[in-house]
1. State to the nearest 20 debye the size of the charge dipole of the range 157-268 about its Cα centre, where the only charges are +1 on K and R beta carbons and -1 on D and E beta carbons.
2. Based on the alpha-carbon gyration tensor of the range 157-268 and its eigenvalue square roots a ≥ b ≥ c, which shape applies: rounded if a/c is under 1.5, prolate if not and a/b is larger than b/c, or oblate?
3. Express the relative contact order of the range 127-190 as a whole percentage, based on alpha carbon pairs under 8 Å and six or more residues apart in sequence.
4. Rounded, prolate or oblate: which fits the range 212-307 when a ≥ b ≥ c are the square roots of the eigenvalues of the alpha-carbon gyration tensor, with rounded for a/c under 1.5 and prolate only if a/b beats b/c?
5. The range 143-172 to the range 75-90: how many Å between their Cα centroids?
6. Can you sort T185, T96 from fewest to most other Cβ atoms within 10 Å of each residue's own Cβ?
7. Given contacts defined as C-alpha pairs under 8 Å and at least six residues apart, what's the relative contact order of the range 157-268, whole-number percent?
8. Quick one: if you stick a label point 7 Å off each Cα along the C-beta vector at A35 and M76, how many nm between them?
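FYI, it's all coordinate maths here, none of it is from the lab. Not measured: the values here are computed from a predicted model. Backbone-built Cβ (ideal geometry, glycine too); neighbour counts: all protein chains shown.
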Amino acid sequence: MKRNDISRRRFVEIAGTAAASCRQVGAANTLTARAVSDRLQSTLGGEWPATGTDGFKAGDPDTPVKGIATTAMATMDVLKQASKSGANLIVTYEPTFFGRQDGQPSVTAANGRGPGRGAGAVDPDDPVYKAKKQFIEKNELVVFRLHDHWQSRKESDMTTGLADALGWRKYRVKPDDVIYEIPPTTTENVVAMIRNKLNLRGGLRAVGDRKAPVRRVMLYPGVMTPATMWQRYSETDLMVTGEVREWENTHYAADIHTSGEKRGLVTIGRVASEDPGMRACAAWLKTIVKEVSSQWITAGDLYWRAL
């Protein structure tokens, strides 16, 4: 009897030790958002300053990761979809909190006479900002911004992603460039195809002759600066970008048309133009973070048109 009692006691001790060991091993193997960040930094390289564009923007970095969702912009709708699908680490290309510094308060310029770096960021007491932040915290989400380091990859994923979405990858004229030579068509046919392929509603706008012939197209997701447009428009029949400054690029394109040149400009919305590139990011993440699933959630075209 005594031997049996000792045996049971010893069994409990051994079982307890084994359970504790499993917990330690499990904890060691738990993939946290911070661990994913470390892997991203190691793989992508470069400098990652604490005050830089890329990095954690909301949530606890030590949260265990259940799944990853990439997006061009972590809107409330995207956050809700991610949470519902079981993804709790959201990797976003654009800011989450409506400003370059992701909602950080503006700082005063060195001369004390006006706003300095970070000017224009939403007030931290803004009810929309607070509601979004609370949703992230309540649902134990973590938001990580990946912009500069993703954009700097030599593969030009943002442009290639957009080209893939349009079925144009094979038409690229030169590696690492933004010019595509597509089968001959017209501006209005290209615009209709883009609207359909990207599922756009009201964000797409076009300037130029509808019937103008198109063969060479420049794809420029995100923002096309005036300098880029001025330097390269003569190489193309049609420029397709996310957004521009209307009083510079758009009216420059209008004057190109008025002067008799058959060239056009199409803007599809900044975030809509970047969405395909973040779909490519989700596919890439699957190759370096294999412990959990990675998915892409589109931010979509938020505009609508009056009929």
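1. Numbers: 16 positive and 14 negative charges, 79 e Å.
Taking the Cα centre of the range 157-268 as origin, the dipole is about 380 debye.
2. Numbers: a/c = 1.30, a/b = 1.26, b/c = 1.03.
Rounded.
3. Numbers: 22 pairs, mean separation 10.5, N = 64.
So the answer I get is 16 percent.
4. Details: a/c = 2.88, a/b = 2.07, b/c = 1.39.
Prolate, since a/c reaches 1.5 and a/b exceeds b/c.
5. One Cα centre to the other: 22 Å.
6. Values: T185 16, T96 25.
Lowest to highest Cβ neighbour count: T185, T96.
7. Values: 189 pairs, mean separation 30.6, N = 112.
RCO, the range 157-268: 27 percent.
8. Going from the A35 label point to the M76 one covers 3.4 nm.
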